[in-house]
Amino acid sequence: MPTEVFKIILAGPRNVGKTSLLRRYLSGRFEPQYTATIGVDMNVASLDFPDGKVVLDVIDLAGQQSFISLRNRFYQGTHHLILVFDMTDRPTFEEVPKWYDAITQGACPSPGMHLTGSLVGNKADMVQKLALTSQEGQDLAELLSMQYFEASAKTGQNVSEIFLHAAISCRMTLQSLRQSKQV
Ligand SMILES: Nc1nc2c(ncn2[C@@H]2O[C@H](COP(=O)(O)OP(=O)(O)O)[C@@H](O)[C@H]2O)c(=O)[nH]1
Ligand SMILES: [Mg+2]
């Protein structure tokens, strides 16, 4: 059975829950203690499909400004972007276009592959503190041609869906690339 490997970037401002989402997906756990990611963290998630395996190399970037140059180097060759903001912190939502531009400019996916992605509003469990409407999130995602998810690393809401969507979009892009080369 074939194995396909894709590079996924998990990005967004600090403290929005990027590391918590990934940790929840990989270990099923949520740790409320905050520990800032230093530089960059690499993790591997593997998903089995009936016709093959998908390995996602997930790069969890630190959100701190001082890591900007380090981040740029890691954007190269990205297949899929998971852009996270905090649903209780409106400025993190407003920063999304800036993050999107920086990453799509630096991503340079392999020839013929285009960057797919999802916009993730995290901390959806904090219903009393939500700082934007679902419609606003949805509209921005549409504008950026991304899939929109409202998620919670705390409850697990939509967490596996985000990574499944990543694997499926990367596979579909690769398949259409192969088909276009056969014609
Ligand atoms: N209530 C709630 N808190 C969260 C959620 N995800 C992360 N957090 C908390 O937000 C803080 C930042 O999380 P972290 O994953 O380190 O954010 P990162 O800087 O984007 O990697 C931590 O205190 C987490 O416990 C969530 O879905 N719900
Ligand atoms: Mg982190």
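Every read-out reported here was derived from the displayed coordinates using simple, explicitly stated rules and does not represent laboratory data. Predicted, not measured: the structure shown is a model, and the values here were computed from it. Don't worry about glycine lacking a Cβ; one is built from the backbone with ideal geometry, like all the others, and counts go over all protein chains shown.
Observations, loosely collected:
- Summarising the amide proton neighbourhood of THR88: residues at separation of 5 or more, or on other chains, whose placed amide H is nearer than 5 Å comprise ALA131.
- On Cα atoms only, tilt of 134-143 relative to the major axis of the chain in degrees: 40 degrees
- For segment 82-99, the Karplus equation 6.51 cos²θ - 1.76 cosθ + 1.60, evaluated at θ = phi - 60°, returns couplings of 10, 9, 10, 10, 9, 5, 9, 10, 4, x, 5, 6, 5, 7, 4, x, 5, 5 Hz by residue, with Gly and Pro reported as x.
- Residue-by-residue Karplus 3J(HN,Hα) for segment 155-160, coefficients 6.51, -1.76, 1.60, Hz, glycine and proline x: 8, x, 4, 6, 5, 5
- For a paramagnetic label modelled on ARG90 (point 7 Å from Cα along Cα→Cβ), amide N atoms under 17 Å away belong, within segment 138-170, to 138-140.
- Here's the list of lysines a cross-link from LYS181 could span, going by alpha-carbon distance under 29 Å and ignoring same-chain residues fewer than 8 apart: LYS7, LYS53.
- Here the sum of -39500 (n - 2.57) over DSSP H runs of 4 or more residues, divided by the residues of the chain, equals -11500 deg cm²/dmol at 222 nm, to the nearest 500.
- Gyration tensor (alpha-carbon) shape descriptor, segment 98-180, a/c threshold 1.5: prolate
- Shown here are the Rg and Dmax of the Cα trace of the chain, at 15.8, 54 Å.
- Additional length obtainable on full extension of the chain from THR155 to ASN15, 0.36 nm per residue less Cα span: 48.7 nm
- Qualifying aspartates and glutamates (Cα of each under 12 Å from Cα of LYS123; at least 8 residues distant if same chain): ASP86, ASP89, GLU150
- Result for the chain in a Gaussian network model with C-alpha springs under 10 Å: among LYS53, LYS123, LYS18, the largest mean-square fluctuation is at LYS53.
- Percentage relative contact order, the chain, counting C-alpha pairs under 8 Å, at least six apart: 25 percent
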